[in-house]
Amino acid sequence: MTDFRYLIVGGGMVADAAARGIREIDQDGSIGILSEEHDRPYARPALSKKLWTDPEFDWDEKVDLHTEETGATFVLGSAVTAIDRAAKTVTTADGQTHGYERLLLATGGKPRGLPGLEPSDRVLDYRSAADYRKLRAFADAGAHVAVVGGGYIGTEIASGVVQNGAKVTLVDPDETVGARMFPEELAHAFQQRFVDHGVELRLGRRVESGTQTADGVTLTLDDGSVLEADAVVVGLGIEPQTQLAADAGLTVDDGIVVSSTLVTDDESVFAAGDVAEYPDRILGTRRVEHVDNAQQQGRQAGRNLADADETYDHTPMFYSDVFDMGYEAVGQVSTKLHTIEDWQEPNVTGVVYYLDDDDTVRGVLLWNVWDKTDDARKVLAEAHALTRDMLPGRITADA
């Protein structure tokens, strides 16, 4: 059995940030990182962003996070199957046992799949560096790639792949790309960029079934039409991987439930990142699947593993870059809410506020408006004191 003072289950950006957070307080305590992936922690957003759009973006310099700088020990390609909280050990699929004094669960999420299609060299759920390498080979060969799902990952992948010479078909259950997040006119402007770049759109459609062979993938859509592709990227979101925690008797709801200091029911076990359901100081109980949260919450978890006992008080932002468009956002960005649009240039530069039925701001979208996320957080923090007519002009792009 291998013992660590600090043991991290999961090898993503949370693990890197946590290891660095530990080292801010404890320079010597042993750190173990157990990961199902075969790569050390890396900057996951690059898989759908810069690696497709910047030829100078180097893996070693820009993507690999070099977590080895913390002195952590890596056990890669190893899935944890059980936690024994009484013995303070975890067991992996190959029968290895690792002891801990403090444990961090950073297990992330499991991608939602398509009916009849298991992940393979041609069917990619696109959560790993291995998936990027496979997709890059198809794109470089000018293959036909079908992207299923018009959300955050799906739109970025469709944009990146089509700009690298491949043929792309985007299958989206919404009638307009971006309709779940953006007001109607903005969604149409967003969709038009895909049309302009040659992406074939299959809108208002879902995949009913699929088959794959050594030569390609066939998707049957819910209108009976058939789509043939060399590869399929599935971008239908994730389910938080909570089973390990639940089996260990920890409280699980939408995610692994943690306190403001990111500790679970067990004072020796913490959780952070995509899998953690935590109390946001502004927005209340939530679970966040974006990189800013992974980095900031991971760092705080690491510090608290090393006895800092500090509240996680950061309200995370998220961002996306698609073709020549980009945005940053804080809070809930959903057209299930009411919207107030404040454009400096219509559908080019401006701010969209998302309000609940009580006219309380719950989210802020900054469209081509940069470095204003702190202003957005302030709006959310003061939302109960703001009326609708106080919102226009409150946040503007710098001249």
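The values are calculated or read from the model by the stated rules, or taken from the named source; none is laboratory data. Predicted, not measured: the structure shown is a model, and the values here were computed from it. Virtual Cβ from ideal backbone geometry, glycine too; neighbours counted across all protein chains shown. Surface accessibility is based on the protein's heavy atoms, side chains included, excluding ligands, DNA and RNA. Shrake-Rupley method; radii C 1.70, N 1.55, O 1.52, S 1.80 Å.
Can you find a residue in region 170-178 that is outside any helix (DSSP H, G or I), of a type in the set (Asp, Glu) and touching a helix residue (DSSP H, G or I) at 6+ places or on another chain (Cβ under 8 Å)?
The answer is yes, given that some residue of region 170-178 is outside any helix (DSSP H, G or I), of a type in the set (Asp, Glu) and touching a helix residue (DSSP H, G or I) at 6+ places or on another chain (Cβ under 8 Å).
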- Message: Anything in region 211-244 that is more than 30 Å from residue 106 (Cβ to Cβ) and surrounded by 23 or more Cβ atoms within 10 Å (Cβ to Cβ)? List them, or say none.
- Response: 219, 229
- Query: When region 263-282 is examined, which residues are found to be of a type outside the set (Val, Ile, Thr), closer than 20 Å to residue 86 by Cα and open to solvent by less than 20 Å² (accessible area, probe 1.4 Å)?
  - Reply: 268, 270, 271
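Residues to consider are 180, 206; find the one that is surrounded by 14 or more Cβ atoms within 10 Å (Cβ to Cβ), under 30 Å from residue 105 (Cβ atoms) and either under 23 Å from the mean Cα position of the chain (by Cα) or modelled with pLDDT under 95 (or both).
180
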- Query: If residue 254 passes every condition in (1) over 16 Å from the mean Cα position of the chain (by Cα); (2) among the acidic types (Asp, Glu); (3) part of a loop (DSSP other than H, G, I, E, B) but one, which one does it miss?
  - Reply: (1)
- Query: Got a number for residues in region 282-299 being within 18 Å of the chain's Cα centre (by Cα) and touching a residue at least 60 places away in the same chain (Cβ under 8 Å)?
  - Reply: 8
- Message: For region 136-146, check the following and say yes or no: at least one residue is under 20 Å from the mean Cα position of the chain (by Cα) and open to solvent by less than 40 Å² (accessible area, probe 1.4 Å).
- Response: no
- Item | Selection status of residue 188, surrounded by fewer than 19 Cβ atoms within 10 Å (Cβ to Cβ), over 24 Å from residue 63 (Cβ atoms) and touching a helix residue (DSSP H, G or I) at 6+ places or on another chain (Cβ under 6 Å) | no
- Query: Within region 162-218, which residues are under 25 Å from residue 116 (Cα atoms) and of a type in the set (Asp, Glu)?
  - Reply: 172, 174, 175, 200, 208, 215
- Item | Subset of region 71-87 [in contact with a strand residue (DSSP E or B) (Cβ under 9 Å, 6 or more places away or on another chain) and in a loop (DSSP other than H, G, I, E, B)] | 71, 72, 77, 78, 79, 85, 87
- Is there a residue being within 18 Å of residue 331 (Cβ to Cβ), open to solvent by 40 Å² or more (accessible area, probe 1.4 Å) and among the β-branched types (Val, Ile, Thr) anywhere in region 283-304? yes
- Message: Regarding region 340-362, can at least one residue be identified that is open to solvent by less than 10 Å² (accessible area, probe 1.4 Å) and closer than 26 Å to residue 46 by Cβ?
- Response: no
- Return the only residue of 53, 91, 2, 70 being within 23 Å of the chain's Cα centre (by Cα) and of a type in the set (S, T, N, Q). 53
